[in-house]
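Structure first, commentary second.
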Amino acid sequence: MKHPIQLIILSFLVFAQLACQSNSGQEVSATQETYWQSSTPEAEGIDPLVIDSIHREISNGTYGLVDRFLLIRNDKIVADYTYEQNYDSVMVQYDTTNFQYNYDHTAWHPYYQGTDLHTMQSVTKSVTSVLFGIAVDEGLIPGVDVLAMPYFADYNVNEYDELRRSMTLEDLLTMRSGIEWDEENYDEAHNSCILMELSDDWIQFVLSQPSDTIPGEQFEYNSGASVLLGKIVREATGKRIDKWAEEKLFGPLGIDYYWKITPKGEVDTEGGLYLTTYGLAKIGQLMMNEGQWEGQQIVSKEWVAQSLKPSVRFNEVRGYGYQWWVPQYENGEMKIFAGNGYGGQFLFGVPEEDLIVVFNGWHHHGRPAKSTYRALQDRILPGLN
């Protein structure tokens, strides 16, 4: 629970930001986010030397700029480390013209305005999927097989683009939209995501891109597809997705957040969410519990199962579901699920081991000697008893 003075300061910062910027985000009032009791690695069947070695290597910079390392097993916190980083000394000189979407602006990255709300980047997509699923559960979205374009009747689209007309909601959820998109390197000026974030109307920008493949046939990572999903939730529920989240997800789970808003007043559902590390872990716990939270079914078991199913299979072990990565599957069934975000945001869940691992960092210049993405499979899982 935040101290009253911290709440006053945080409230002032949020008020000042809202007063000065028309495209600011929204934040719920602070709530108690701690949920799990503490334990030791030994008590929960984890080799303590493995945890200690990861901690030491994070501390000495082997894993780059990491802010938090949290490990939960058997509903117990067995590792929870915070690391102080001097980001002012490593950020590239930044231009404040579009400061919300400049990755080197220390007022936004990695923490929002000095709070403990950490950038989630593309883990935002995974949370958006949960909120989309709740709308499906409530019948406000009739299903994932329906066509997507009727939700965008008010936008200018190429009426001759026959491929686009066949795009379904599931095509957007699984990154098989058929929309031409280049998001390989975020340091390149022609990156489609960067160009979208610099545009005034994100949704129109995405819809204006041509189709290059038949929807549903080919995976192409596309942050614009996630922006369209957020707009669909708004059209279906009559509520902006951050407000929908407050009512249906963040409120019931007791999660603090900040969510960026685009210049046109839409929620940045591709990368603009800020959560605490505990808040992110709660999302992982919800998915581990098949959508249930303290006896309440937040999102249906069926949606969770479908979201974490490898609908897209890159090879025999790795795939992609509904805005969730599947780092490992076996016989078509998920073994590990993950939310991945630019700069080192990772949420991992291993249901069979009752294990949740979260890494938050902000290493977006260069490549560290080791990646926290590999720490789970290469080091933590082999260290389980």
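Values as computed for the structure displayed
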| read-out | value |
| --- | --- |
| Nearby aspartates and glutamates by direct alpha-carbon distance to residue 264 (threshold 19 angstrom, same-chain neighbours under 8 apart not counted) | 27, 154, 197, 200, 201, 235, 242 |
| Percentage of interatomic Cα-Cα distances in segment 227-345 larger than 23 Å | 35 percent |
| Relative exposure of 357, 146, judged by other C-beta atoms within 10 Å (fewest first) | 146, 357 |
| Stokes-Einstein diffusion coefficient of segment 103-232, Kirkwood radius over Cα pairs, 4 °C, 1.567 mPa s, in µm²/s | 82 µm²/s |
| Segment 188-280 shape via C-alpha gyration tensor axes, a/c threshold 1.5 | prolate |
| Net charge of Cβ neighbours under 11 Å - reference residue 299; Lys, Arg +1; Asp, Glu -1 | -2 |
| Qualifying trypsin sites (Lys or Arg not before Pro) in segment 243-318, DSSP loop, other Cβ atoms within 10 Å at most 14 | 264 |
| Within a Gaussian network of the chain (alpha carbon springs, distance under 10 Å), most fluctuating of 73, 367, 234 | 367 |
| Sites matching GluC sites (Glu not before Pro) across segment 221-321 that sit in DSSP coil, with at most 12 neighbouring C-beta atoms within 10 Å | 294, 316 |
| Cleavage-rule hits, chymotrypsin sites (Phe, Trp or Tyr not before Pro), segment 99-165, DSSP coil, Cβ neighbours within 10 Å at most 16 | 155, 160 |
| Backbone HN-Hα couplings from phi across segment 301-307 [Karplus 6.51/-1.76/1.60, Hz, Gly and Pro as x] | 4, 5, 5, 4, 4, 5, 5 |
| Highest-fluctuation residue, 237, 174, 372 considered, GNM on the chain with Cα pairs under 10 Å | 237 |
| Highest average packing first - 84-93, 330-339, Cβ atoms within 10 Å | 330-339, 84-93 |
| Pairs beyond 21 Å (Cα-Cα), from 76/282; 260/335; 125/243; 282/335 | 260/335 |
| Tensor-based shape of segment 312-385 (alpha-carbon gyration tensor, a/c under 1.5 rounded, otherwise prolate or oblate) | oblate |
| Per-residue [θ]222 nm for the chain (sum of -39500 (n - 2.57) over DSSP H runs n ≥ 4, rounded to 500) | -8000 deg cm²/dmol |
| Sites residue 96 and residue 297 - FRET efficiency at Förster radius 51 Å, r taken between beta-carbons, to 0.05 | 0.70 |
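Throughout, read-outs are computed from the coordinates displayed, never taken from laboratory work. The model shown is predicted, which means the values in this text are computed figures rather than measured ones. Using ideal geometry, Cβ is built from the backbone for each residue, glycine included, and neighbour counts are taken over all protein chains shown.
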